[in-house]
């Protein structure tokens, strides 16, 4: 599945209009001998003035700077750049030129500035020109990765230079204040759960698939938590949307599908067929068992097992398609009904369960999938066979130590 960018004539007209407006705004960034003039809005926080402005992207790398990364952390006002993040952010800009979105950058100005309002009363006193001396340093407090990615993206697509980003300027009161600003800006940042990220992502085909499958199936719609990526003991849900996302990715890996509808149909058919072989899922759906009890007692609701089942389904779907019989996998999964999914089953120890807890590492997924494949009399691939041999060696070594 691929992500397509649909650039229509209307998008081009809108982009051209926005570009011309931005160029007009860029012209107001006066690069005079005495400094920079920026259109700005004045505000007050904690008794201190601050200013919000819009900068053309081509100006951002020139005007906004980093702290010297070679300096020790205690002498900087910002963390060092994680260069591993930059290619992903840069690709995001380049691959989505008509709908990328950035929040404002926050920067400190280490010089005296002047603000010339449009007027002396009302709203006119809050809007005007911010004049920054040419020799001032504008140090980023929050947004250094956005700034670096913008610089990289401009090298690949210079046309982006006429677009703009919001910048909030604070007056620099020294290193201690800048460091405190960084701490405060990041103190209450909470990364959204993966589930809600999947729910709201309309660009990632796998996210769209997970959402369409769950919302289109009355059975799974009742049992899947759409917002959170972890379930409380009292939750009435069996699965998280993020787990369904990962399980579907494993299910359809390297499987040719014509479009999103076909992907949804294949995924829905697989998981509803699996549900028929796991009575606890149906009993929770019919309110005959509580979801919390099932999750506590069994492993088949956890992400590790769902991804393992996805890998098993992938092997069966490839096998069925190779035979020219698209539904032979339905008969092959019937033995799942006789599989003991309880945490206490020794079959899962060291695979899905370690120390009484379900683990979610890739090796746990692979070993769990191996156990399910063996139960269904499916052959193991080379990597799976090597993982199984290593697992057996580790078990033998453990048994020898406990003799």
Kirkwood hydrodynamic radius of the range 78-229 from all distinct Cα pairs, in Å?
19.1 Å
What fraction of the Cα pairs in the range 309-385, stated in percent, has a spacing above 19 angstrom?
39 percent
Give the average over all directions of the projected area of the C-alpha convex hull of the range 194-401, one decimal, in nm².
11.7 nm²
For residue 321 and residue 344, extending 7 Å from Cα along the Cα-Cβ vector and measuring point to point gives, in nm, a value of 4.2 nm
Sort 145, 300 by Cβ crowding within 10 Å, fewest neighbours at the top.
145, 300
What order do you get for 351, 297 when you list them from fewest to most C-beta neighbours inside 10 Å?
297, 351
Between residue 330 and residue 379, take the C-beta separation as r, use R0 = 22 Å, and let me know the FRET efficiency to the nearest 0.05.
0.70
Counting alpha carbon pairs within less than 8 Å and at least 6 residues apart, what relative contact order, in whole percent, applies to the range 194-401?
18 percent
What relative contact order, as a whole-number percentage, does the range 35-175 give when Cα pairs under 8 Å and 6 or more residues apart are counted?
42 percent
Would you mind ranking 375, 188 by Cβ crowding within 10 Å, fewest neighbours first?
188, 375
Helix-derived mean residue ellipticity, 222 nm - over the chain, DSSP H n ≥ 4, -39500 (n - 2.57), to 500:
-14000 deg cm²/dmol
In range of the label at residue 255: residues from the range 327-367 whose backbone nitrogen is under 16 Å from the point 7 Å along Cα→Cβ
327-334
Pairs of Cα atoms under 8 Å, at least six residues apart: use those to get the relative contact order of the range 227-313, whole percent.
47 percent
Mind sorting out which of (1) 23.4; (2) 20.2; (3) 25.5 is the real Kirkwood radius over Cα pairs in Å computed from the coordinates?
(3)
According to the Kirkwood expression over distinct Cα-Cα pairs, how big is the hydrodynamic radius of the range 170-300, in Å?
16.9 Å
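Bear in mind these aren't lab numbers, they're just calculated from the coordinates by the rules spelled out. This is a predicted model, so every value here is computed, not measured. Don't worry about glycine lacking a Cβ; one is built from the backbone with ideal geometry, like all the others, and counts go over all protein chains shown.
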